[in-house]
1. Looking at (1) aromatic (Phe, Trp, Tyr); (2) modelled with pLDDT of 75 or more; (3) farther than 30 Å from LEU41 by Cβ, which is the one condition that is false for TYR225?
2. Take ILE112 and tell me if it is out of contact with any helix residue (DSSP H, G or I) (no Cβ under 6 Å at 6 or more places or on another chain), modelled with pLDDT of 80 or more and within 25 Å of LEU256 (Cβ to Cβ).
3. Being modelled with pLDDT of 80 or more, of a type in the set (Val, Ile, Thr) and over 20 Å from VAL392 (Cβ atoms) is the filter here, so list the residues in the stretch 257-299 that pass it.
4. Go through (1) modelled with pLDDT of 75 or more; (2) surrounded by fewer than 19 Cβ atoms within 10 Å (Cβ to Cβ) for ASP416 and report which single condition fails.
5. Could you please tell me which pairs satisfy a Cβ distance under 8 Å, a separation of 6+ or placement on different chains, a first residue in the stretch 395-410 that is farther than 10 Å from PHE246 by Cα and among the hydrophobic types (A, V, I, L, M, F, W, C), and a second residue that is at pLDDT 85 or above and buried (at least 17 other Cβ atoms within 10 Å of the Cβ)?
6. Is it true that MET304 is at pLDDT 80 or above, within 28 Å of ILE354 (Cα to Cα), part of a helix (DSSP H, G or I) and among the hydrophobic types (A, V, I, L, M, F, W, C)?
7. Is the stretch 249-257 home to any residue that is more than 17 Å from PHE383 (Cβ to Cβ) and in contact with a Leu (Cβ under 9 Å, 6 or more places away or on another chain)?
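The values are calculated or read from the model by the stated rules, or taken from the named source; none is laboratory data. Computed from a predicted model, the values in this text were never measured in an experiment. Here the Cβ is made from the backbone with ideal geometry for all residues, glycine too, and neighbour counts use every protein chain on show.
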Amino acid sequence: MTQATALKYLSENKGKLLTQISLCLALFFQGTIWSMIGPSLPMFAVRTHTKVLSVGYIVTARALGNAIGGIITGNLMDKYTTLPQRRGIIIFTMICLAASLSAATFVSHFIIVLVLNVVAGLAVGSMKTFCNTLVGYLWREQVNIFLQMQQFCFGIGSTLSPLILAGFIKVVGTKERNQWWDSLSICYFCVACSVLIVIVSFLIAPELDVRREVRKKITSKSLGYSAYERILEFVAFCILTVAIMFNTEGVFSGFLYTYLIKTTLINKVNAKFLNSLFWLCFTVARLVALALSYYLKPMYLIIMNSLGLIISLSLMLIFRENIMVISVCVGIIGTYYSTLIPVSMGLPKSYMGIEVTGGMGAMINLATSTANFVSPILVTMAFKMAGSIGFVWYTMTLVLCSSFVYAIVLILFKKDGLVLGRMKRRAELSPLVLNE
């Protein structure tokens with residue numbers, strides 16, 4: 001790309017790029033405060049006088065709110081189509097996220113902490129659905145690269161999150177200064193205040209009618225799709241959603257610290273650094289994926305990631321007493337987990353030829369939230385039944401199930417493949433219909 005071409009591109013897409021920067025900042029903030037829960041679980045257990053495994057239900061409470069928040073926002077995005085309206089939604093949800101998580105660190109009653117985390121989950125479900133759907137409205141066929149960019153920013157925030165908490169613990173100390181104000185409270189409060197930067201970025205973003213572009217599409221009427229063909233399209237999307245549901249890297253990272261402590265092979269300080277290593281590899285891999293998305297088809301990325309996860313988890317099972325092997329595998333798992341969700345969310349448009357609406361975005365979020373809601377309960381049972389190694393077996397089971405469902409999607413539901421390809425060949429192509 002020449003300099004003149006680049007300048008022309010920047011000039012034509014200035015509004016989109018500024019809005020994209022705001023979305024990336026929102027994901028960075030979400031990653032920073034949301035991923036702090038894993039290393040914070042032992043501190044919440046002390047604060048609420050609850051066992052560490054029981055306090056893990058905080059993750060379940062967040063997942064419950066996440067599912068509900070995604071459904072609400074998906075419907076709101078289809079109803080409120082202008083950028084100012086959607087900007088109001090994202091600003092409100094970010095304020096709710098910051099306020100609820102900050103308040104949760106000031107209370108000592110476990111039930112209140114759970115309720116506040118449900119509110120935080122509502123906010124995050126709204127943010128995820130908003131950001132992942134809006135980026136599709138903005139960039140259309142170029143959605144893969146910008147999804148990777150957003151998730152890269154989330155990864156940076158998640159990488160810094162445990163380090164920020166460890167820094168506050170080192171400076172303030174682990175002992176409470178008084179009943180309400182300790183290192184955990186100070187850390188969450190300071191991170192929550194950074195939401196102001198994200199809010200300002202959205203307020204200064206230019207006006208942009210993002211809905212007009214998504215409405216310029218081929219409708220089922222213009223292509224002559226039958227009800228049967230539309231059902232096939234919906235079934236294809238549902239099967240992909242099931243594959244995405246098994247990709248619970250949030251649960252893996254959330255319980256990674258607990259797993260490392262229960263192995264007794266590593267102390268608490270080094271366990272926090274390994275948690276950061278997971279997110280560091282996760283983030284760097286998403287940066288690399290920005291380039292790979294240009295050269296590799298989504299099918300190859302998914303196959304590569306699935307094989308990498310299976311091999312790494314197998315090594316963790318075989319060398320369960322070797323902390324060096326476990327540490328290397330944690331980094332590798334972070335690397336291969338990094339691109340599965342962004343590539344999966346780009347599959348409907350780039351690989352399957354399906355338009356993703358706000359409702360579909362909410363459906364994906366509901367699937368992942370359901371998995372995150374159930375997984376902490378199953379992980380806790382795995383810990384109790386098999387000890388620390390039960391966590392690895394549980395993750396391996398999810399990866400194998402995910403790989404099987406992905407294989408079905410990649411083989412059967414390519415837009416010019418065995419099933420969806422029939423619709424394309426049978427449809428009578430006609431000019432694009434602009435649904436104003």
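1. Looking at each condition in turn, TYR225 falls short on (2).
2. Values: out of contact with any helix residue (DSSP H, G or I) (no Cβ under 6 Å at 6 or more places or on another chain): yes; modelled with pLDDT of 80 or more: yes; within 25 Å of LEU256 (Cβ to Cβ): no.
Spelling it out, it is not the case that ILE112 is out of contact with any helix residue (DSSP H, G or I) (no Cβ under 6 Å at 6 or more places or on another chain), modelled with pLDDT of 80 or more and within 25 Å of LEU256 (Cβ to Cβ).
3. Of everything in the stretch 257-299, those that are modelled with pLDDT of 80 or more, of a type in the set (Val, Ile, Thr) and over 20 Å from VAL392 (Cβ atoms) turn out to be VAL284, VAL288.
4. Only one criterion is unmet by ASP416, namely (1).
5. Matching pairs, first to second residue: MET396/LEU313.
6. Details: at pLDDT 80 or above: yes; within 28 Å of ILE354 (Cα to Cα): yes; part of a helix (DSSP H, G or I): yes; among the hydrophobic types (A, V, I, L, M, F, W, C): yes.
For MET304, the condition - at pLDDT 80 or above, within 28 Å of ILE354 (Cα to Cα), part of a helix (DSSP H, G or I) and among the hydrophobic types (A, V, I, L, M, F, W, C) - is met.
7. Going residue by residue through the stretch 249-257, those that are more than 17 Å from PHE383 (Cβ to Cβ) are 249-250.
Now restrict to residues that are in contact with a Leu (Cβ under 9 Å, 6 or more places away or on another chain): 249.
Yes: the stretch 249-257 contains one or more residues that are more than 17 Å from PHE383 (Cβ to Cβ) and in contact with a Leu (Cβ under 9 Å, 6 or more places away or on another chain).
Table: residues versus (1) buried (at least 22 other Cβ atoms within 10 Å of the Cβ); (2) closer than 30 Å to PRO376 by Cβ.
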{"residue": "ASN13", "(1), (2)": "no, no"}
{"residue": "LYS16", "(1), (2)": "no, no"}
{"residue": "ILE21", "(1), (2)": "no, no"}
{"residue": "GLY31", "(1), (2)": "yes, yes"}
{"residue": "ILE37", "(1), (2)": "yes, yes"}
{"residue": "SER40", "(1), (2)": "yes, yes"}
{"residue": "PHE44", "(1), (2)": "no, yes"}
{"residue": "THR48", "(1), (2)": "no, yes"}
